[in-house]
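The values are calculated or read from the model by the stated rules, or taken from the named source; none is laboratory data. Just so you know, these numbers come straight off a predicted model, no measurement behind them. Ideal geometry is used to build each Cβ from the backbone, glycine not excepted, and the neighbour counts take in all protein chains shown.
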Ligand code: ADP
Ligand code: ADP
């Protein structure tokens, strides 16, 4: 589902952020990506989401080589990859419903279909009754769940999360990870960058570790 072949990423100002990264993820795998701050986790996720391009090497997602993806297929690719951020990036002046609906509005879906899909996504994250609220009225954990609903509403086969529990206490963090596991159980491929080693160890999924841009450990399938 995701394959990196000798991927390097160099930022002009900072030097090498990723060096010679190779790994493969099967469809439906749930994998944690760990490593210190600055290890290259965000960069790796951004390459999969095509928010960034490698300096060298190949990234394949869902059978496509991103380096040779025609420009007009980029929006399609982005819909295949749901992204979740630490700061959730919700629009503060829009309701929960409108925030989650955004990807579907961009896709040009009809009103009724949007309503149906948004409610299905909110139901999956346990926030069906909060659709009219604005993000500021929600707790940190609820805000992150809205971010997750928005990431899954277009049914992407791949979900990427970048420190999704960075702002949450341990109990809420565990709830978010349990939610990710539910997507794993229905066949979604997940790659989750996190510092939360206690949680990672308690959940027993494959874990890939980066250190200064190098892949230094991969537990393989448990
Ligand atoms: P992590 O997510 O593990 O904290 P990052 O991928 O954010 O690591 O960062 C890896 C390295 O690349 C760091 O040295 C960081 O400063 C650098 N970096 C990340 N993004 C950029 C950018 N847009 N421009 C320049 N340097 C960057
Ligand atoms: P549809 O919307 O296509 O009619 P359903 O609403 O019947 O499908 O949903 C079937 C189930 O598939 C959902 O409950 C959900 O758990 C699961 N599912 C499969 N892929 C995804 C995905 N990418 N994001 C969220 N849920 C998914």
*May I ask you to verify whether residue 35 is within 16 Å of ligand 1 (Cβ to nearest atom) and surrounded by 17 or more Cβ atoms within 10 Å (Cβ to Cβ)?*
yes
*Return the total of residues in the stretch 59-73 being outside any loop (DSSP other than H, G, I, E, B), in contact with a strand residue (DSSP E or B) (Cβ under 8 Å, 6 or more places away or on another chain) and within 18 Å of residue 25 (Cα to Cα).*
5
*Of all residues making up the stretch 150-178, the number that are over 20 Å from residue 101 (Cα atoms) and either more than 10 Å from the chain's Cα centre (by Cα) or surrounded by fewer than 16 Cβ atoms within 10 Å (Cβ to Cβ) (or both)*: 14
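Any idea which residue in the stretch 101-113 is farthest from residue 137 (Cα to Cα), counting only those that are more than 12 Å from ligand 2 (Cβ to nearest atom) and in a helix (DSSP H, G or I)? Spell out the reasoning first.
We begin by selecting, within the stretch 101-113, every residue more than 12 Å from ligand 2 (Cβ to nearest atom); these are 101-102, 105-108, 110-112.
Right, trim to in a helix (DSSP H, G or I) and you get 101-102, 105-107, 111-112.
Values: 101: 18, 102: 19, 105: 24, 106: 25, 107: 28, 111: 25, 112: 26 Å.
Per the criteria, the residue is 107.
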*Is there a residue in the stretch 20-32 that is under 17 Å from residue 192 (Cα atoms), assigned by TED's automatic domain parsing to the domain that holds residue 178, away from ligand 2 (no atom under 16 Å from the Cβ) and modelled with pLDDT under 95?*
no
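Applying the selection to the stretch 1-58, what residues are part of a loop (DSSP other than H, G, I, E, B) and in contact with a helix residue (DSSP H, G or I) (Cβ under 9 Å, 6 or more places away or on another chain)?
Step one: filter the stretch 1-58 for residues part of a loop (DSSP other than H, G, I, E, B), giving 1, 12-14, 26-29, 35-40, 49-55.
28, 29, 35, 49, 50, 51, 52, 53, 54 - these are the residues of the stretch 1-58 that are part of a loop (DSSP other than H, G, I, E, B) and in contact with a helix residue (DSSP H, G or I) (Cβ under 9 Å, 6 or more places away or on another chain).
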*Specify which of the listed residues (141, 147) is buried (at least 16 other Cβ atoms within 10 Å of the Cβ) and in contact with a strand residue (DSSP E or B) (Cβ under 7 Å, 6 or more places away or on another chain).*
147
*Any chance you could count how many residues in the stretch 184-219 are under 16 Å from residue 156 (Cα atoms), touching a residue at least 40 places away in the same chain (Cβ under 8 Å) and away from ligand 1 (no atom under 16 Å from the Cβ)?*
5
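Pick from 150, 182, 117: which is more than 29 Å from residue 44 (Cα to Cα), part of a helix (DSSP H, G or I) and within 14 Å of ligand 2 (Cβ to nearest atom)?
Working: 150 fails: more than 29 Å from residue 44 (Cα to Cα); 182 fails: more than 29 Å from residue 44 (Cα to Cα).
Being more than 29 Å from residue 44 (Cα to Cα), part of a helix (DSSP H, G or I) and within 14 Å of ligand 2 (Cβ to nearest atom) holds for just one of 150, 182, 117, which is 117.
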*Hey, any hits in the stretch 192-208 for a residue that's closer than 20 Å to residue 18 by Cβ, at pLDDT 95 or above and within 16 Å of ligand 2 (Cβ to nearest atom)?*
yes
*Would you check if residue 86 is over 18 Å from residue 150 (Cα atoms) and surrounded by 13 or more Cβ atoms within 10 Å (Cβ to Cβ)?*
no
